[in-house]
Structure formats: structure tokens, C-alpha cells
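Undergrad: Here it is, the structure, as C-alpha cells.
Nothing in this text is a laboratory measurement; each read-out follows from the coordinates by a stated rule. Every value quoted in this text rests on a predicted model; they were computed, and no experiment measured them. Heads up, the Cβs are rebuilt from the backbone with ideal geometry, glycines too, and the neighbour counts pull from every protein chain shown.
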Ligand SMILES: [Fe+2]
Ligand SMILES: [Fe+2]
């Protein structure tokens, strides 16, 4: 089994691993002092016209349903809060990384999983819905590393998975590590909060997680937004041990697809 050191060495060796833009590290890691973070973030964002434009497009999309047009980041921050803007910045920034390396399918699946996690976090009253969104968005980020490491092997893993193979086993076979392991390592390299790395690591095996509830949300978000769906949509052996119920996964899937279509089209 590869150690964390091995994982780090793998990432260090790959030249084209995307680096975390400074603005995003700033946004994700300056929560200790929200007041200065908001000002600082507003200041940095005001210099990046393209990022600002895309964030405002998202803010004004039907997903958020504000009655009137929001034209400045400051106003958006006042209405939605720092955490929400943080998750929007992340959505904008990771899109080209995902699309370039793994194609649109992974990007759309990740947005849908993010929306599912956010919706569940809200309806269950668990955690911060914006943090849940970020965790869902990044759950499969390790897949871009597999693509960069070996595109053909990655294609083969996808082909075998579509035929019914276990994706983690297939990855182990071709790469010696999985997208969950390398995804957590990437989140460490990007200096993201530990809870994000933990949820990434355990999203296929949520009951083993030290942060069980977050990992369970991502497990559900991931499974209900797969295309094609994997059956059973939620593994009864796993969900029976959850601290919450998912009464109708297919209904949740429909709601998530509808809600996330607004984000996907705003960023297309
Ligand atoms: Fe996954
Ligand atoms: Fe996934």
C-alpha cells in the first residue's frame, strides 16, 4: 500500500499538476479573521475581471434566485456571506482544471455532487452548507491526477468501471493508488482544510471516516449523481449505518440535476 510519502512523491514528479491559485488559498484559509478576509478577498477579486464576471454570473443565476440583479462582489458578499462566495470562486477556478484533464463529464458530476451535498447539509441542518458544497465539488479531484499521470491507463480504468469493475480496485491495479488517496494528497498540497481531504479520502467508504457525517453526505451525493447510475444507487449495507435517512434517492437526484443545471449553464 502506498504511504503518504509515496503519494507526495508521485505528485511532486508530475509536472503538470495544477497549482492552487493564490486567491483561492487565501479564500480557503483566512477564515480565522473573517473581517479582514472579506476586505482582502473583495480587493483581490476586484483586480480579476474575468473571475469577478463569472462569479456575478453565478450569483445572478436561477440557482440563487435573487429578485434583482447583483452587480458587485461586495453586494454579493453582503447578501450571501463569505463562505458562499468562497465556494463560488472555487467552482470557477476548478472548472478549467477538470475540463482540461478529465473532460466536461467529471466537471458536471462534481457540480451536481456539490449541489447534492449542499442541499442535504441544509435539509439535515448539518454543518456549513457552503463547506459541504466545496467538499462535494472536490470529491473526485484525484481523477485529474490519474489523467495527468497516464491518460491511457485512466481510460482503461473508466472502461472497466463502466463494465462493472470496482473503480478503486481498477485504479490500484493500473496506478498502485486510487483517486481518493491521491485526491487527499492534492488537497494537502493545496493546503485545503483537513476536513476536505478526509471527506475526499473516505467518499467511497464513508463509515470508516473520522468525519463520518461529511463523508456520508459525499457518498450519497456521489452515488445519486453518477451517470450511468450504479445499482443499488445507495448500498444498503452502508446507508443502514448512517445517522440520517435518504428516503427517496431518485427524487433527490432529480432535484439535484434540476438545481445544478443553472450553475452548469451559468458557467458554460
Ligand atoms: Fe470517487
Ligand atoms: Fe464521484
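Undergrad: Which angle between 0 and 90 degrees, to the nearest 10, do you get for helix 151-162 versus the longest principal axis of the chain when only C-alpha atoms count?
TA: That helix lies at roughly 80 degrees to the long axis.
Undergrad: Let me check the size of region 57-99 from its C-alpha atoms; what are the radius of gyration and Dmax in Å?
TA: Cα radius of gyration and Dmax of region 57-99 are 11.0, 32 Å respectively.
Undergrad: If each residue's Cβ is checked for other Cβ atoms within 10 Å, how do 235, 152, 128 rank with the fewest at the top?
TA: Lowest to highest Cβ neighbour count: 152, 235, 128.
Undergrad: What's the angle, to the nearest 10 degrees (0 to 90), between helix 82-102's Cα axis and the longest principal axis of the chain?
TA: Value to nearest ten degrees: 50.
Undergrad: Report the Cα centroid-to-centroid distance between region 1-21 and region 58-123 in angstrom, as an integer.
TA: Region 1-21 and region 58-123 have Cα centres spaced 27 Å from each other.
Undergrad: Run the quick spin-label model on residue 265 and residue 104: label points 7 Å from Cα toward the beta carbon, then report their separation in nm to one decimal.
TA: 1.4 nm
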